[in-house]
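The values are calculated or read from the model by the stated rules, or taken from the named source; none is laboratory data. A quick note: this is a predicted structure, and the numbers were derived from the prediction, not measured. Note: ideal-geometry Cβ built from the backbone for every residue, glycine included; neighbour counts use all protein chains shown. Note: accessible area is taken over every heavy atom of the protein model, side chains too, but ligands, DNA and RNA are not part of it. Shrake-Rupley method; radii C 1.70, N 1.55, O 1.52, S 1.80 Å.
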Amino acid sequence: MTDQPLAGKRILTFVGDIYEDLELWYPKLRLIEAGATVVVAGEKAEAKYTGKNGYPCVSDAAISRMRSSDFDGVVVPGGFMPDKLRRDRDVLQLIRGFDEAGKLIAAICHGGWIPISAGVYRGVRVTGSPGIKDDLINAGAVWEDASVVIDRHFVSSRKPDDLPDFCRGILQVMTSKRSSR
């Protein structure tokens with residue numbers, strides 16, 4: 001189906017308290033619209049997390065139960081959530097698994113903290129919130145100030161206003177290669 005280019009694809013996204021509401025919900029709904037199955041994982045399954053702007057999200061699954069081999073890509077929203085989740089060994093192992101398999105790793109705003117802590121950004125062209133620009137550069141990433149940067153299987157954006165370009169970038173990466181699980 002041309003209106004569902006991601007039919008049969010599975011995407012993982014993370015949630016935790018003080019996530020950036022739009023950066024979780026906009027990509028989640030856009031990916032579902034494109035035919036993907038989106039699994040929202042938090043520290044606990046079926047737990048309610050509150051976004052920066054007060055919008056709730058109930059997790060589908062626990063991060064500790066997730067395996068990168070079960071998904072075609074991962075989307076990392078921003079907010080303050082990534083600062084806590086980047087300390088979780090399971091989160092970091094998931095990101096490394098996606099990278100090793102050449103699968104989509106999409107991060108927006110402060111979401112870039114998670115790939116930084118996973119050690120997968122060295123030599124990768126990225127953007128992110130200006131607040132983590134130094135962190136990205138210090139992690140070995142090549143900083144660009146753009147609404148979206150695509151480098152192989154990596155997609156990154158700066159802020160909620162960039163979400164249309166971010167989602168187009170995700171769709172471009174997901175449809176340009178035939179990833180298999």
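Please work out which one of (1) closer than 21 Å to residue 160 by Cβ; (2) open to solvent by less than 10 Å² (accessible area, probe 1.4 Å); (3) acidic (Asp, Glu) is the condition residue 83 fails and give its number. With (1) closer than 21 Å to residue 160 by Cβ; (2) open to solvent by less than 10 Å² (accessible area, probe 1.4 Å); (3) acidic (Asp, Glu) applied to residue 83, the lone miss is (2). Give me the residue from the range 131-157 that is open to solvent by less than 40 Å² (accessible area, probe 1.4 Å) and out of contact with any strand residue (DSSP E or B) (no Cβ under 8 Å at 6 or more places or on another chain) and, out of that set, nearest to residue 173 (Cα to Cα). My answer is 146. The C-beta contact set for the range 46-71 (first residue without any contact (Cβ under 8 Å) to a residue 40 or more places away in the chain, second residue of a type in the set (Gly, Ala, Ser) and in a loop (DSSP other than H, G, I, E, B), distance under 6 angstrom, 6+ apart or interchain) comprises 47/59; 49/16; 61/45; 62/45. The set of residues in the range 131-176 that are closer than 21 Å to residue 98 by Cβ, more than 17 Å from the chain's Cα centre (by Cα) and either touching a residue at least 40 places away in the same chain (Cβ under 8 Å) or not in a loop (DSSP other than H, G, I, E, B) (or both) comprises 135, 142, 176. Taken over the range 61-79, the criterion of being assigned to a loop (DSSP other than H, G, I, E, B) and buried (at least 16 other Cβ atoms within 10 Å of the Cβ) is satisfied by 66, 71, 72, 77, 78.
Number of residues in the range 110-130 that are in contact with a Gly (Cβ under 8 Å, 6 or more places away or on another chain), part of a helix (DSSP H, G or I) and open to solvent by less than 30 Å² (accessible area, probe 1.4 Å): the value is 2. Looking across the range 1-21, just one residue is within 17 Å of residue 163 (Cα to Cα) and either open to solvent by 70 Å² or more (accessible area, probe 1.4 Å) or touching a His at 6+ places or on another chain (Cβ under 8 Å) (or both), and that is 20. Residues considered: 92, 31, 24. Of these, the only one that is within 20 Å of residue 152 (Cα to Cα) and open to solvent by less than 10 Å² (accessible area, probe 1.4 Å) is 31.
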